[in-house]
1. When you look at B:GLY94, is it in a loop (DSSP other than H, G, I, E, B), at positive phi and either of a type in the set (A, V, I, L, M, F, W, C) or within 13 Å of chain A (Cβ to nearest Cβ) (or both), yes or no?
2. So in region A:197-214, with the set limited to residues that are under 26 Å from B:THR35 (Cβ atoms) and at the interface with another protein chain (Cβ under 7 Å from one of its Cβ atoms), which one is surrounded by the most Cβ atoms within 10 Å (Cβ to Cβ)?
3. Could you tell me how many of the residues in region B:47-103 are of a type outside the set (A, V, I, L, M), within 13 Å of B:ARG34 (Cβ to Cβ) and touching a helix residue (DSSP H, G or I) at 6+ places or on another chain (Cβ under 7 Å)?
4. Go through (1) surrounded by fewer than 20 Cβ atoms within 10 Å (Cβ to Cβ); (2) within 14 Å of chain B (Cβ to nearest Cβ) and name the single condition A:ARG81 misses.
5. Looking for whichever is more than 9 Å from chain A (Cβ to nearest Cβ), in contact with a Lys or Arg (Cβ under 9 Å, 6 or more places away or on another chain) and either buried (at least 19 other Cβ atoms within 10 Å of the Cβ) or part of a loop (DSSP other than H, G, I, E, B) (or both) here; the options are B:VAL105, B:VAL116, B:VAL99. Which one fits?
6. Would you mind stating whether A:ASP44 is within 11 Å of chain B (Cβ to nearest Cβ), crowded, with 24+ Cβ neighbours inside 10 Å and over 11 Å from the mean Cα position of the chain (by Cα)?
7. Limited to region A:142-196, what total is found for residues that are over 23 Å from A:ALA104 (Cα atoms) and free of Cβ contacts under 8 Å to residues at least 24 places away in the same chain?
8. Using the structure shown, decide if A:ALA104 is touching a Cys at 6+ places or on another chain (Cβ under 9 Å) and hydrophobic (A, V, I, L, M, F, W, C).
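The values are calculated or read from the model by the stated rules, or taken from the named source; none is laboratory data. The structure displayed is predicted, hence computed values, not measured ones. No Cβ is skipped: glycine too gets one built from the backbone with ideal geometry, and neighbour counts run over all protein chains shown.
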Amino acid sequence: MRTTTVDLTADTARGAAARRTTAWTAGGLAVAAGLTGGLLAPTDATQGQAQRLMYLHVPAAWVAYLAFAAVLAASTAYLIRGDLRWDRLARACAEIGVALTAVAIGTGAYWGHLVWGTWWAWDSRLVSTALLLLAYTGYLALRRALAERTGAADGGDRRVARPAAVAGVAGFLLVPVVHFSVIWWRSLHQQATILAPERPPIDPRMALALLLAVAAASAGALLVLAHRMLRLERRLGGPTVPPAPRTRTGRRTPARVR
Amino acid sequence: MIRRPGRLALVAVLLAAGGLLVTSALRDTLTYYRTPSEVLTDPDAGRDRVRLGGEVVPGSLRRDGELVVFRLADAGHQVTVRQRGVPPETFREGEDAVVEGRLGVDGVFDADQVVVRHGNEYRPSSPAHPESPDAR
């Protein structure tokens, strides 16, 4: 595993310091993105103030893509290596991706209400994004259902991890469909600007605000991931998972004798 | 608990039903709107409710009581639209819009819903003509 991930999820003083550094970085980037997006970036000529929702909507969507790509990578790594840590990483990334997809749909609906004049349209981008949310919510539900049926822990057992890894790989098929939906089919949603092969004009101050917001969202997501992994490791990560009762604080403290 | 072959059949039936539902729902969705030339050349236009998209022709927009009348153009073809109800604030000439309704026998498109379709270009509003009063 990458050293940064090990450091960030390590249950040590060094790990905690790394997480604090990430938190300060994410906070600083968020303040910079807020100031740039709210004050420095100009008002859009056609959309007015509503265009500023881009600085929330686009980072949420991109980092959700990133999280689902991480689910794909971690699921593949689990299938190859069989290490349950990869399975827990896939679970944590899927949780983050689902939350961010919901944020993207929510902010997009409000942006659509302000600029298009409708909260929702049966447009290829909107429908495929809703399917993406459904697919990864289904992935998390599958994990839970398997855990409940087998009586195993979600993230600590191969009977859950293996089918989940297959679903985690298959689910990523939807991501390119979502991204290219606006090119493959005629849609109401506008096409990409920054990720377009021939970049359409965007004011440099707007582009700066957008990139800062994406950086802030990525750092924030990484921080949430580190804390989530730490909790999952404390709960499920023992050398072997014994069926005997353990203390709530996990493997750091020895069980108290009453 | 259903036994394995039964369970497989159930999953297959559910998947097939789900797939059918999704594809039939997506048929109209994959192409969100039709262009003026597609609507004008389609002999069945006027029978079904469709969405029509194009650029609001500059100079064609006028208000007639409750109705808003304008022309939508794309690739040299134009359709006159009679819209019942107020369009969104961002609706203006020279921008794209998508209307929903039916092509009438008189060749005028009767719409009851209009959404604005904006591009992927972002420019600052010129200070001489601020788009909104609280523009910074």
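1. For B:GLY94, the condition - in a loop (DSSP other than H, G, I, E, B), at positive phi and either of a type in the set (A, V, I, L, M, F, W, C) or within 13 Å of chain A (Cβ to nearest Cβ) (or both) - is met.
2. A:PRO200
3. Going through region B:47-103 one residue at a time, the tally reaches 3.
4. (2)
5. On inspection, the qualifying residue turns out to be B:VAL99.
6. yes
7. The qualifying residues number 11.
8. no
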